[in-house]
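Reviewing the structure listed below.
The values are calculated or read from the model by the stated rules, or taken from the named source; none is laboratory data. None of these values were measured; they are calculated from a predicted model. Using ideal geometry, Cβ is built from the backbone for each residue, glycine included, and neighbour counts are taken over all protein chains shown.
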Amino acid sequence: MTCDELIRQLEDCTLPPAALDHRAHVQAGFAYLQRHGYAGALSAMATALSRFAGHHGKAGLYHETITAAFLALNPFGQVPVLDDGGTVIADSNAILVYLASKTGQLIPADTAGRFETLQWVMFQMGGIGPMFGQVGFFHKFAGKAYEDKRPRDRYATESARLLGVLDERLAGRDWVMGADYSIADISLLGWVRNLIGFYGARDLVAFDTLKQVPAWLERGLARPAVQRGLEIPKRP
Ligand SMILES: N[C@@H](CCC(=O)N[C@@H](CS)C(=O)NCC(=O)O)C(=O)O
């Protein structure tokens, strides 16, 4: 799996083929049962199921991510998961850091540059991802029907603030780390695209008042590898 494919997976919540491989599931599920016993597997499933039900407002017993086999691959019960020849890494950003470290690509070679990149990856993980996700819930999904708009406004305000931080960072830079595109851009691009695309929150977060982010998003989406990634899997 390439970094570009990850962008598409995050947007579409599709599972990587390796994680869907039936034999891998059976083997992983079996190892899980051996380690934790049946009760452990069931309680892990129950926890994941209640989390899933709370998140989506409905129970999904047959949902792939709450099977014991999947939880053995990723105890968080979420996609994506990377299975790199037996090295199993969950969470998109951990996967990005793993791939960048393994290949030496998309991350500066010097220590200061590496950690500065990680700082921005964590900005996505701790700020942009969770806040934009809440905007999605309160603006597009079930929360849209709530009469009390304070939760929506709180997340929209915080998302606008975070976009402002990114905007400031991009002043005088083509990419988050300067001249070179990195895993920090990859980590952030999909979420920003999603916020104004799929979630339809462009006006809510005053996207068009930003000075740098819109052009950065266009630059990112224009990259041939990103375009290829957006077609994996092929859109119907
Ligand atoms: N911080 C995680 C978040 C992953 C995440 O939220 N995945 C969602 C779908 S986008 C998920 O798998 N939810 C449970 C499900 O759909 O079964 C990451 O970036 O990998």
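Residues checked against (1) more than 10 Å from the ligand (Cβ to nearest atom); (2) at pLDDT below 95; (3) surrounded by fewer than 20 Cβ atoms within 10 Å (Cβ to Cβ):
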{"site": "92", "(1), (2), (3)": "no, yes, no"}
{"site": "112", "(1), (2), (3)": "yes, no, yes"}
{"site": "117", "(1), (2), (3)": "yes, no, no"}
{"site": "122", "(1), (2), (3)": "yes, no, yes"}
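What do you reckon, is residue 130 surrounded by fewer than 20 Cβ atoms within 10 Å (Cβ to Cβ), in contact with a Ser or Thr (Cβ under 8 Å, 6 or more places away or on another chain), within 23 Å of residue 82 (Cα to Cα) and not hydrophobic (A, V, I, L, M, F, W, C)? Answer is no for this residue.
Of all residues in region 141-192, exactly one satisfies the criterion of being in contact with a Gly (Cβ under 6 Å, 6 or more places away or on another chain) and more than 26 Å from residue 222 (Cα to Cα), namely 142. Here residue 106 passes the criteria (1) away from the ligand (no atom under 12 Å from the Cβ); (2) farther than 30 Å from residue 205 by Cβ except the one numbered (2). For region 196-213, which residues satisfy the criterion of being surrounded by fewer than 16 Cβ atoms within 10 Å (Cβ to Cβ) and at pLDDT 95 or above? Across region 196-213, the qualifying residues are 197, 200, 202, 203, 206, 208, 209, 211.
Can you find even one residue in region 78-85 that is at positive phi and modelled with pLDDT under 95? Yes, region 78-85 has at least one match. Summed over region 171-218, the residues that are within 16 Å of the chain's Cα centre (by Cα), closer than 15 Å to residue 159 by Cα and among the hydroxyl-bearing types (Ser, Thr, Tyr) give a count of 1.
Scanning region 49-77 for residues being within 8 Å of the ligand (Cβ to nearest atom), at pLDDT 85 or above and surrounded by fewer than 20 Cβ atoms within 10 Å (Cβ to Cβ) gives a total of 1. Applying a threshold of 8 Å to beta carbon distances and a minimum spacing of six or more residues, or different chains, the list of pairs starting in region 66-84 at a residue that is farther than 20 Å from residue 96 by Cα and among the aliphatic types (A, V, I, L, M) and ending at one that is part of a loop (DSSP other than H, G, I, E, B) and near the ligand (Cβ under 7 Å from one of its atoms) reads 66/77; 71/77.
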